[in-house]
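> Sending over a structure as structure tokens; questions will come in a sec.
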Amino acid sequence: MSLLDDSRLVVLVGAGGVGKTTVAAALGLESAREGSNTLVMTFDPSMRLKDTLGVGEAARDREVRVAVDTPGRLDASLLDARKTFDRLVVRYAPDEDAARRILENGFYRNLAGSLGGILEYMAVERLYEVARENRYDRVVLDTPPARQALDFLEAPDRIIDFLESGALRIALKPWFDEHGHLRATSRLGPLGRGVEGFLDRIVGLDLLREMAEFFQAFGPLFDGFRKRAGQVQELLRAPETSFVLVAGPGEERVSDTMFFARRLREAAYRLGPIVVNRLHPRLEGSGDGARLLRWLGERDHRGLEALKSLIPQDHPIIPIPLLPEEPTTLLTLEKISASWCQA
Amino acid sequence: MTLQDRLSRLKLLVVTGKGGVGKSLVTAALGRILARSGRRVLLLENDPRESLYQLLDIPPSDGEIVRAEPDLFLQNLRPTDVLSNVVREHLKVELLVRRVLASPVYQHFVGGAPGFKEVAILGHALRVVRGLGGAPEIDIVILDAPATGHGVTLLLAPSLVSEAIPHGPVGHLAREVAGFVSDTERCGVAIATLAEEMPIQETIELRGALDARLSRQPELLVVNGLYPPLSDADRQDPRLGLWRERRRINERELERLGEEWDGPKIELPLLPFDRGPDLLTALVRRLEPALAAPREAP
């Protein structure tokens with residue numbers, strides 16, 4: 001079977017270390033082989049797709065052609081959160097001065113890159129850029145590893161919540177007078193005073209001042225953020241988008257896999273095939289030397305059976321065997337996609 | 001001095017590595033060995049879904065410090081608790097605490113502020129080894145750190161935060177924690193990995209980042225899940241081709257690692273046990289002699 005069906009956006013999710021990036025690359029290759037112009041995007045900070053597809057630093061700025069002879073074009077890109085953020089600032093700031101004020105702000109330079117959700121949000125912005133340009137028949141999206149939450153997918157909602165929560169209004173109000181002193185304000189009532197007093201005591205004024213300047217400079221950009229975040233959410237929940245859940249082998253991973261599957265369904269994303277990666281084969285015959293390998297094969301198949309018993313019968317679960325080589329060449333990626341085509 | 005002597009002198013050991021390489025197992029195994037050699041050890045986790053308790057065969061810690069063995073304690077520090085405890089300490093009035101925690105400014109700025117959580121986790125470890133905050137007397141905290149990349153972020157956070165916030169209680173805490181983690185006599189790093197191409201690549205990168213950004217070397221590397229060498233007879237068995245090839249990959253990657261790292265390294269075999277107390281016991285049995293082997297003076 002094919003993992004692709006007619007999805008135009010395929011999103012890979014799963015825990016760390018299960019081989020999401022490898023499966024993404026193999027899917028991209030299969031898609032291009034079927035004749036679709038395809039982009040594989042990865043956000044993994046370890047930049048592993050770079051190794052697998054042989055794309056270098058240039059892929060941080062733009063899509064890079066993968067050297068492979070397929071009917072459809074295969075491109076790859078790497079998300080660099082900082083560069084995407086900088087590009088957004090330049091593109092959407094009202095004028096050059098405003099852009100410079102943001103880019104030179106100390107808070108932005110040092111800390112904003114990891115402000116709660118912003119990193120994942122940049123991934124969403126990048127996806128928006130690519131979707132809007134509409135240069136590909138299919139986009140395969142690798143996501144950062146997540147254990148607890150689908151952080152990446154929740155980022156747009158979090159940002160929208162944030163924009164609508166009133167926090168921004170508080171951040172944007174004139175905290176500081178022209179001498180750089182914190183204004184004593186009573187407009188927000190006891191809660192505002194309590195929070196302000198707390199912030200003052202706990203983080204000190206310097207950071208607060210830089211943050212306020214940053215958000216004041218950034219304010220005009222936020223409306224566009226909200227609009228785009230909403231559109232990306234629509235795209236992620238569109239019928240032509242599917243989520244491929246990649247899982248590790250073995251019984252101990254089943255609860256992780258079920259957790260992801262449940263979260264995806266609850267959030268109304270379309271769950272496509274579940275891929276159980278790196279399965280040890282079942283070993284025939286006897287012999288003492290084979291004991292370890294037999295045990296591994298039994299363990300992995302026990303896990304597969306346990307998963308099957310928990311997932312509705314008609315939902316595709318695709319086992320991919322552990323290969324005798326590392327998935328670092330295009331040839332190996334082909335072997336991987338061949339294994340699900342046979343399934 | 002043996003590697004175990006060296007580890008025993010530390011106040012904090014951060015165990016790091018990419019996802020799925022057995023970081024929690026290494027954390028638990030090192031903890032048990034040090035605890036049984038006379039140190040009082042706290043294993044610290046920071047995961048919404050805690051897992052160390054399963055290896056130690058005890059109920060979940062649920063955020064509290066719980067005893068797993070006579071000298072081995074366990075705590076899963078919930079990320080949200082870490083920060084709200086800092087708030088609680090500075091705002092003694094519970095009503096105000098609740099209002100601050102519920103306010104959008106807290107949730108989006110302070111709760112999400114970069115580096116605060118990391119400073120709070122490390123700050124908690126520092127308080128524990130100092131015997132503060134009602135904790136039992138602990139000699140060493142072993143922290144099961146988030147995956148690679150984040151491991152460096154974790155250790156860098158205190159100095160970044162203390163630069164960004166020179167004053168106030170958070171700035172003060174960050175500075176103190178930065179001093180603690182940069183002291184190689186008190187704080188060490190262990191890296192867990194697998195002998196496969198990607199994990200080894202990330203280990204090499206992580207080691208480089210530790211060196212370049214924190215001027216420190218890991219205390220040890222633990223290479224997990226190695227396929228054992230095949231006997232001469234088994235090498236001829238065509239059914240074992242996968243094993244042979246995976247072993248070859250392990251050897252090649254160990255060699256590549258060896259070119260980049262000549263410090264302490266412990267190799268652990270793939271063992272036929274499900275993840276759980278039996279696997280931990282089997283790993284401890286193999287880790288113990290390796291830690292007790294003599295080691296050159298640093």
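No lab work stands behind these numbers, since they all come straight from the coordinates. All values derive from a computational prediction rather than experimental measurement. Heads up, the Cβs are rebuilt from the backbone with ideal geometry, glycines too, and the neighbour counts pull from every protein chain shown.
> Ranking B:33, B:266 by Cβ neighbours within 10 Å, fewest first, what do you get?
If I rank by nearby Cβ atoms, fewest first, I get B:266, B:33.
> Return the single residue from B:99, B:78, B:32 with maximal mean-square fluctuation; model: Gaussian network over chain B, springs between Cα atoms under 10 Å.
Sorting by GNM fluctuation, first place goes to B:99.
> Looking at chain B, do any whole DSSP H helices span at least 24 angstrom along their long axis by alpha carbon and average -1.0 or above on Kyte-Doolittle, and which?
B:197-214
> Of A:258, A:41, B:1, how do they rank once you tally other Cβ atoms within 10 Å and put the fewest first?
B:1, A:258, A:41
> If I take R0 = 30 Å and measure r between the Cβ atoms of residue B:67 and residue B:278 in this structure, what FRET efficiency does the formula 1/(1 + (r/R0)^6) give, to the nearest 0.05?
On the way: r = 21 Å, r/R0 = 0.70.
Given R0 = 30 Å and the Cβ-Cβ separation, E is 0.90.
> Suppose each label sits 7 Å from its Cα in the direction of the beta carbon; what would the residue A:129-residue A:265 distance come out to in nanometres?
3.7
> What are the ³J(HN,Hα) values, in whole Hz, obtained from phi via the Karplus relation 6.51 cos²θ - 1.76 cosθ + 1.60 with θ = phi - 60°, for each residue of the range A:58-63 in sequence order, with x given for Gly and Pro?
4, 5, 6, 9, 8, 6
> Residue A:137 versus residue A:291, label points 7 Å from Cα toward the beta carbon: distance in nm?
Simple spin-label model gives 5.3 nm for this pair.
> Okay, next question. Using r as the Cβ-Cβ distance of residue B:215 and residue B:1, and R0 as 22 Å, what FRET efficiency do you calculate, to the nearest 0.05?
So, using R0 = 22 Å, E works out to roughly 0.50.
> Kindly work out what percent of the DSSP beta bridges joining two residues of the range B:3-292 are antiparallel, to the nearest 5.
10
> List the residues whose amide H sits under 5 Å from the amide H of residue B:40, counting only those 5 or more places along or on another chain, with H placed 1.01 Å from N in the peptide plane.
For residue B:40, the qualifying residues are B:139, B:140.
> Same structure again: I'd like the Karplus ³J(HN,Hα) series for the range A:292-307: coefficients 6.51, -1.76, 1.60, θ = phi - 60°, whole numbers in Hz, and an x wherever there's a Gly or Pro.
4, 5, 5, 4, 4, x, 5, 4, 5, 6, 4, x, 4, 5, 4, 5
> Between residue A:223 and residue B:172, take the C-beta separation as r, use R0 = 45 Å, and let me know the FRET efficiency to the nearest 0.05.
0.75
> Post the alpha-carbon centroid distance, the range B:227-246 to the range B:247-266, in whole angstrom.
20
> When a footprinting reagent is the concern and you count Cβ atoms within 10 Å, what order do A:125, A:63, B:137, A:240 take, fewest first?
If I rank by nearby Cβ atoms, fewest first, I get B:137, A:240, A:63, A:125.
> Please compute the Kirkwood hydrodynamic radius over the range B:3-292, one decimal place, Å, based on all pairs of different Cα atoms.
Values: mean 1/r = 0.0498 Å⁻¹.
Computed over Cα pairs of the range B:3-292, the Kirkwood hydrodynamic radius comes out at 20.1 Å.
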